[in-house]
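Undergrad: Please find one structure pasted underneath; my questions will follow.
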Amino acid sequence: MPVLKGLDTTMELTRHARALKEQGYAFALRYYSHNAAKNLSLGEARALSQAGLALGVVWETSGTRAGFFTRAQGLADGAAAFRMARDVIGQPFGSAIYFAVDYDPTQADLDGAVSNYFTGVHAALYVAAEGKPSYRVGVYGSGLCCGTLVERGQAALSWLSQSTAFAGSRLYAEQKRYDIIQLLPVRIPGADGVVLDIDPDATHPDRDGGLFMV
C-alpha cells in the first residue's frame with residue numbers, strides 16, 4: 001500500500017478540491033466540533049470525495065489541558081461526534097473518528113484524566129450504535145499519548161502530532177507506529193489564487209488511517 005499524501009486544515013475546502021487533487025493530495029483531514037465555522041459540511045465532504053480525495057475527521061474542542069478530560073466530557077463528545085458523523089455527513093461505519101489530545105500530557109494525565117475521557121467516548125459510541133460496531137476511535141496527540149492509548153486498546157488508530165518536542169513523539173515517528181503523521185505547516189495554492197494554510201500529513205504505508213468517502 002503506498003504512502004498517501006494528505007493535509008489537515010480548519011479552512012473550508014469545497015472550491016479547492018480539484019486544485020488539491022491536481023497537486024497530488026490524496027486525502028484531507030477536517031473537523032467535527034461545536035464551532036460550525038471549522039466543521040466539515042456535507043457539501044464539502046461530497047466535493048472532496050467527487051474530486052477523488054478521501055476524508056478523515058477529528059473531534060477537537062478544548063482538549064489543551066488535563067482538566068478538560070473527564071469521563072463525562074468523553075460521553076458528551078463521543079455522542080456529539082457520532083451524531084455529526086452519521087446524521088450530518090453520512091460517514092460510513094468502520095471508518096475512524098480521531099479525538100484530539102492537543103497538548104503534551106504526562107503519563108499521570110494519560111493514566112487518569114485522558115484514559116477516563118476515552119472510556120467515555122467508547123461508552124457513548126456503544127450506546128449511540130445500540131451495541132453494534134460503528135466508528136473506530138482514533139487519537140491525535142503526542143507519541144506517548146498515542147502509544148499509551150493504542151497499547152491499552154482505548155484507541156484503534158493514532159495520528160501523531162507535528163509537535164516533535166512532545167513526549168515520545170520522535171521515537172514514535174522513527175518506529176513508524178502511527179497510522180497518520182502530521183508535518184509542519186506550509187502554505188499552498190488553492191483555487192482562484194487563494195493561498196491555503198495547511199498542515200501536511202501522510203499515512204503509514206501499511207494502514208488505511210480510517211479514511212472514507214461519501
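Undergrad: Considering only region 1-77, give the strands (runs of 3 or more DSSP E) lying wholly within it that have at least 3 residues that are free of Cβ contacts under 8 Å to residues at least 60 places away in the same chain, in contact with an Asp or Glu (Cβ under 8 Å, 6 or more places away or on another chain) and within 25 Å of Thr203 (Cβ to Cβ). Talk me through it step by step, then tell me what you get.
TA: On the way: elements: 5-8, 27-32, 54-59.
Filter on region 1-77 gives 27-32.
Undergrad: Moving to a separate point now. Restricting to region 131-156, count the residues that are touching a Gly at 6+ places or on another chain (Cβ under 7 Å) and buried (at least 24 other Cβ atoms within 10 Å of the Cβ).
TA: The initial filter retains those residues of region 131-156 that are touching a Gly at 6+ places or on another chain (Cβ under 7 Å), namely 136, 138, 142-144, 147, 155-156.
Next, only the ones that are buried (at least 24 other Cβ atoms within 10 Å of the Cβ) stay: 138, 142-143, 147, 155.
The qualifying residues number 5.
Undergrad: Search region 174-188 for residues being open to solvent by less than 30 Å² (accessible area, probe 1.4 Å) and under 22 Å from Phe99 (Cβ atoms), and hand back the single one that is farthest from the chain's Cα centre (by Cα).
TA: If we filter region 174-188 for residues that are open to solvent by less than 30 Å² (accessible area, probe 1.4 Å), which is where we start, we get 178-182, 188.
Remaining after also requiring under 22 Å from Phe99 (Cβ atoms): 178-182.
Working: Tyr178: 12, Asp179: 10, Ile180: 9, Ile181: 10, Gln182: 10 Å.
Among those that are open to solvent by less than 30 Å² (accessible area, probe 1.4 Å) and under 22 Å from Phe99 (Cβ atoms), it is Tyr178.
Undergrad: A follow-up question, please. Taking into account only those residues within region 12-32 that are under 15 Å from the mean Cα position of the chain (by Cα) and among the hydrophobic types (A, V, I, L, M, F, W, C), which is surrounded by the most Cβ atoms within 10 Å (Cβ to Cβ)? Give the derivation first.
TA: Within region 12-32, the subset under 15 Å from the mean Cα position of the chain (by Cα) is 27-32.
Narrowing further to those that are among the hydrophobic types (A, V, I, L, M, F, W, C): 27-29.
On the way: Phe27: 24, Ala28: 28, Leu29: 24.
Looking at residues that are under 15 Å from the mean Cα position of the chain (by Cα) and among the hydrophobic types (A, V, I, L, M, F, W, C), I get Ala28.
Undergrad: Name the single residue, out of those in region 81-128 being open to solvent by 40 Å² or more (accessible area, probe 1.4 Å) and of a type in the set (Asp, Glu), that is farthest from Tyr178 (Cα to Cα).
TA: Here the answer is Asp87.
Undergrad: Taking region 41-64 as the search range and keeping residues that are out of contact with any Leu (no Cβ under 7 Å at 6 or more places or on another chain) and under 27 Å from Val127 (Cα atoms), which one is most open to solvent (accessible area, probe 1.4 Å)?
TA: Checked region 41-64; the qualifying residue most open to solvent (accessible area, probe 1.4 Å) is Thr64.
The values are calculated or read from the model by the stated rules, or taken from the named source; none is laboratory data. Note that the coordinates shown come from a computational prediction; the quantities given were computed from them, not determined experimentally. In this analysis, Cβ positions are derived from the backbone assuming ideal geometry, glycine residues included, and neighbour counts consider all displayed protein chains. We work out accessible area using only protein heavy atoms, side chains counted, and drop any ligands, DNA or RNA first. Shrake-Rupley method; radii C 1.70, N 1.55, O 1.52, S 1.80 Å.
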